[in-house]
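Where a number appears in this text, it was derived from the coordinates with a stated rule and is not lab data. Quick caveat, the model's predicted, so the values are computed rather than measured. Note: ideal-geometry Cβ built from the backbone for every residue, glycine included; neighbour counts use all protein chains shown.
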Amino acid sequence: MVEGTENCLHLEGLVAAAGGGYRCPVCGEGLDDDGVSRWVGEAERARDETYSVDEGDGFSGIAREEAQREVYRRRRVMYELGNVPRVATTRPEMILVVHDPGTASYGCRIFYKEPRQAASVEQVSVAAVLDTILGLRSDPDPIVRLTAEKVEEFHGLREKLLGDDEPAPERRVFYANELRAVG
């Protein structure tokens, strides 16, 4: 999580993350389906507490309306995530793999040409350790598995070049013709 975002409201919504969960693009918090339901439940409880406050001034009505809008916003995010068909997967047009020597990891960006589901994975990060890369090969998301396959290929090339005392590339682009069918 980014420092100072422990009470993040996930105002930009949630995006699909590796492993079938969701991630907030602002704070980085990861949620699974139950976590999203709890997040919506928190807004509903806050709304219900606001309704029980009867102070008789005009501000309580404004607070109730604001709490109800937050419940609607969170429910909309939850329904959008839940209504995305996970069966049909759009094939990526390109996968960019970048080695970060500072953190000893690979950052991957997945680019699509065709329209895709709202929960499509667009970024994956993985430590530059073969066991960790191989662990992603069994991820439930076919795009993450495909990305892990390409990271493994790039990692092997880098290791071979470094072993031969040759300069290793820091980035590699895999185009659609180099990607196997997704599914």
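Okay, here's what the table says:
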| item | result |
| --- | --- |
| Where labels lie 7 Å past Cα in the beta-carbon direction, separation of ASN7 and SER60 in nm | 2.3 nm |
| Taking PHE111, PHE154, PHE59 and counting other C-beta atoms within 10 Å, the order from fewest to most | PHE59, PHE111, PHE154 |
| Inter-label distance, nm, simple model (7 Å from Cα along the C-beta direction), THR90/ARG180 | 2.3 nm |
| Order of GLU178, GLU166 - criterion: other Cβ atoms within 10 Å of each residue's Cβ, fewest first | GLU166, GLU178 |
